[in-house]
Number of protein chains: 2
Amino acid sequence: MINVLFAAKPGSWDAYRETLAAAFAAKGLTVDLRQDFPPEEVDYIVYAPNSSVQDFRPYIRAKAVLNLWAGVENVVHNDTLAIPLCRMVEDGLTEGMVEWVTGHVLRHHLGIDACLAQQDGQWRPVYPPLARERRVTMLGLGELGSACARMLAALKFDLSGWSRTERSIDGVKTFSGDAGLRAALTGAEIVVLLLPLTPATENLMTAERLSWLARGAVLINPGRGALIDDAALLAALETGRLSHATLDVFRTEPLPPDHPFWGHPKVTVTPHVASETRPVTASMTIAENVRRGEAGEPFLHVVNRTQAY
Amino acid sequence: MINVLFAAKPGSWDAYRETLAAAFAAKGLTVDLRQDFPPEEVDYIVYAPNSSVQDFRPYIRAKAVLNLWAGVENVVHNDTLAIPLCRMVEDGLTEGMVEWVTGHVLRHHLGIDACLAQQDGQWRPVYPPLARERRVTMLGLGELGSACARMLAALKFDLSGWSRTERSIDGVKTFSGDAGLRAALTGAEIVVLLLPLTPATENLMTAERLSWLARGAVLINPGRGALIDDAALLAALETGRLSHATLDVFRTEPLPPDHPFWGHPKVTVTPHVASETRPVTASMTIAENVRRGEAGEPFLHVVNRTQAY
């Protein structure tokens, strides 16, 4: 019997209880899955960073913390955590993100907002350039960023991608490091942020870096709110350096009702819906990691704690 | 010297004059390109159906009519036309259509309109289903329809496709014929029309066929306006059978200012911008067909006059 602690907000339990049980059974694992165990009896911790479990030291025999979320910034620096921490990577999360990013890039590329606002009986045909003439830059080429980049490349966007370490993707001009960041951003018309939040990426989009973009550029952020210097963003929208920002993530969520992003004519707020972990596919990832742990095989998607993602 | 008549509205001449000359030169062809010739001296007619040329009988030595547009319904039934008629197929037209169709399918799939309307400070996360859970049906699997279908399949939509004659596309459940039409439409949540306009497709979307769709379905028409019975469409929007229609083409264009589609809360009018022929790429298609005609090779994209497309 393998004891798996489900340590997330109670609302998640209903969504995961049956799908996790089915996934463990499908792997041939005999699991006792509960929301409560004596800590010293727990073998694996299925974990959401907003869980009440913040001190991992009593979990003396636990083999891994299996994160339910892709983002780990609220757990990776927990000094009480000495066992492997695995990020969530699952098909539904990636597919949902590809759909959201592709949809909003095309929305801005095609000028759909302006079209929706022009239903007044006047026939004003305006043809957008082809995607091959539109400069799009993706910051972050991890699991999610590279999947989005492949789809945007299939649509033939003039696509650049930047990551901390060198990556190569067909149809994408890739850049890395500090010098590469300037090259990737210079002249970009649509920029998508899909970076993890780390000390190195916090406030990455400063006033200076925003000034490198094409005049009237659009910023799309489904990554993490703190990647952007909010004051610099508002100033760039004011001057016209940026024409629009579509933001799915914020420093404080829910975004407070009096925040200047709400109702701003050049900002679209979406309530952190770009993608979510889907219970069916996420449960399969978790069951596979428990199987690996029991078989003594390496875990999938282990977070590199020194790089913090 | 090959005499090529440019028979389109004068406004097109500026867009095409130089790109056509460059394309002929690139093929090694010595061409005299003009807007006016004695008809009996013309070798090829570059043609837009809104041209003043409507009687082809005086063009006694002309080898082909090379249409500037993808649609041929306004020329194909011209009884004075006895030489091959070639449709326009060019990369820009196809790419633009793929971008427009993918953008509007994702717009409706993701619920972007509702999101744009909810900028009031209230955090209301609603997750759309994954594309793999969304039933999309493409009517028409010609050059444009099949290119769009391949992109929607890459996004993993639950995709059906229908065409008059049997077709096969990876990732698409394909149907054909009358019985196939009902199967393709039944339960569809998003329907895209990319059929040519022929006697067999005029008013294809009747009240009965609209009633086969999923309740609250969305209709997207970048094909031809007369594919839809407009009164049936307005009635289906009224009853909620359809939740929205995004229409790029109309029986009368420009759409008259007093038409009920304008300003209708469940209709988005776009002014025939889903795709257009791009001069650079279209000129290459035309030059290739002139080269083929001079070399005695078969023309590309010849219209089957009995099927009328």
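Over the whole of B:268-278, what's the average partner chain Cβ count within 10 Å per residue? Rounded to a whole number, please. Could you put the intermediate results ahead of the total?
Details: counts 5, 7, 9, 7, 3, 8, 2, 2, 2, 0, 3.
Average per residue, whole number: 4.
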Karplus-derived HN-Hα couplings along the stretch B:254-266 (A = 6.51, B = -1.76, C = 1.60, θ = phi - 60°), whole Hz, x at Gly and Pro | x, 4, x, x, 9, 5, x, 5, 5, x, 5, x, 10
Given H placed 1.01 Å from N in the peptide plane, which residues other than close sequence neighbours of B:Leu68 have an amide H under 5 Å from its amide H?
-> B:Tyr47, B:Ala48
Distance from the Cα centre of the stretch B:89-165 to that of the stretch A:21-38, in angstrom?
-> 38
How far is A:Ser52 from the same spot in each other copy, in nm, shortest first, if each label point sits 7 Å from Cα toward Cβ?
-> 8.6
Quick one: dipole size for chain A, taken about the Cα centre, charges +1 on Lys/Arg Cβ and -1 on Asp/Glu Cβ, in debye to the nearest 20.
-> 800
Listed by chain and number, the residues whose amide H is under 5 Å from that of B:Phe175, excluding neighbours fewer than 5 places away on the same chain and using placed H, are B:Gly161, B:Trp162, B:Ser163
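Assign one of three labels to the stretch A:188-268, namely rounded, prolate or oblate, based on the Cα gyration tensor with a ≥ b ≥ c the square roots of its eigenvalues; rounded applies when a/c is under 1.5, prolate when it is not and a/b is larger than b/c, and oblate otherwise. Don't jump to the answer; show the numbers that get you there.
Working: a/c = 1.66, a/b = 1.08, b/c = 1.54.
Cα axes put the stretch A:188-268 in the oblate bin.
Among residues other than A:Gly103 whose Cβ falls under 14 Å from its Cβ, what is the net charge (Lys/Arg +1, Asp/Glu -1)? Each step should come with its number before you reach the end.
Details: positive: A:Arg107, B:Arg107, B:Arg134, B:Lys156; negative: A:Glu95, A:Glu99, A:Asp113, A:Asp248, B:Glu99, B:Asp113.
Result for the local shell: -2.
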Among B:Thr102, B:Thr277, B:Thr252, residue whose mean-square fluctuation peaks in a GNM of chain B (springs only between Cα atoms under 10 Å) | B:Thr252
Karplus ³J(HN,Hα) for the stretch A:63-73 (6.51 cos²θ - 1.76 cosθ + 1.60, θ = phi - 60°; Hz, whole; x = Gly/Pro) runs 9, 6, 9, 9, 6, 7, 10, 6, x, 10, 5
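Per DSSP H run of at least 4 residues, take -39500 (n - 2.57); add these up for the protein assembly as shown, divide by its residues and hand me the 222 nm value, nearest 500 deg cm²/dmol.
Details: 16 runs with 190 residues, N = 618.
Helix contribution divided over all residues of the protein assembly as shown: -9500 deg cm²/dmol.
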For A:Lys266, go through the lysines and keep the ones whose alpha-carbon is under 27 Å away, minus same-chain ones fewer than eight residues off.
-> A:Lys156, B:Lys266
In whole Å, largest first, what are the principal axis extents of the Cα atoms in the stretch B:83-242?
-> 64, 34, 25
In degrees rounded to 10, the 0-90 angle between helix A:143-154 Cα long axis and the longest Cα principal axis of chain A is 40
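When Cβ neighbours within 10 Å are restricted to other protein chains, what is their mean count per residue of peptide A:150-157? Could the numbers behind the result be given before it?
Details: counts 1, 4, 0, 0, 6, 7, 4, 1.
That works out to 3 on average.
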Diagonalise the Cα gyration tensor of chain A and give the resulting equivalent ellipsoid semi-axes, square root of 5 times each eigenvalue, largest first, whole Å.
-> 39, 20, 19
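Report, as an integer, the average count of C-beta atoms from other chains found within 10 Å of each Cβ along A:124-135.
Values: counts 3, 8, 3, 7, 5, 3, 10, 6, 4, 1, 1, 0.
If you average over the peptide's residues, the count of other-chain Cβ atoms is 4.
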For helix B:279-295, what angle does its Cα long axis make with the longest principal axis of chain B, in degrees from 0 to 90 and rounded to 10?
-> 50
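Local charge sum around B:Ile83 (other residues, Cβ-Cβ under 12 Å, Lys/Arg +1, Asp/Glu -1)? Write out the running numbers ahead of the final one.
Details: positive: B:Arg57, B:Arg61, B:Lys63, B:Arg305; negative: B:Asp43.
Spelling it out: positives minus negatives among the neighbours equals +3.
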What is the helix-to-structure angle for A:91-110, meaning the angle in degrees between its Cα long axis and the longest Cα principal axis of chain A, kept from 0 to 90 and rounded to the nearest 10?
-> 10
Taking the alpha-carbon centroid of each part, what is the distance from the stretch B:247-277 to the stretch B:279-299 in angstrom?
-> 33
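Computed from the coordinates by the stated procedures, all read-outs in this text should not be read as laboratory data. As the structure is a computational prediction, the values presented were derived from the model and not from experiment. Neighbour counts are summed over all protein chains in view; Cβ atoms, including those assigned to glycine, are modelled from backbone coordinates with ideal geometry.
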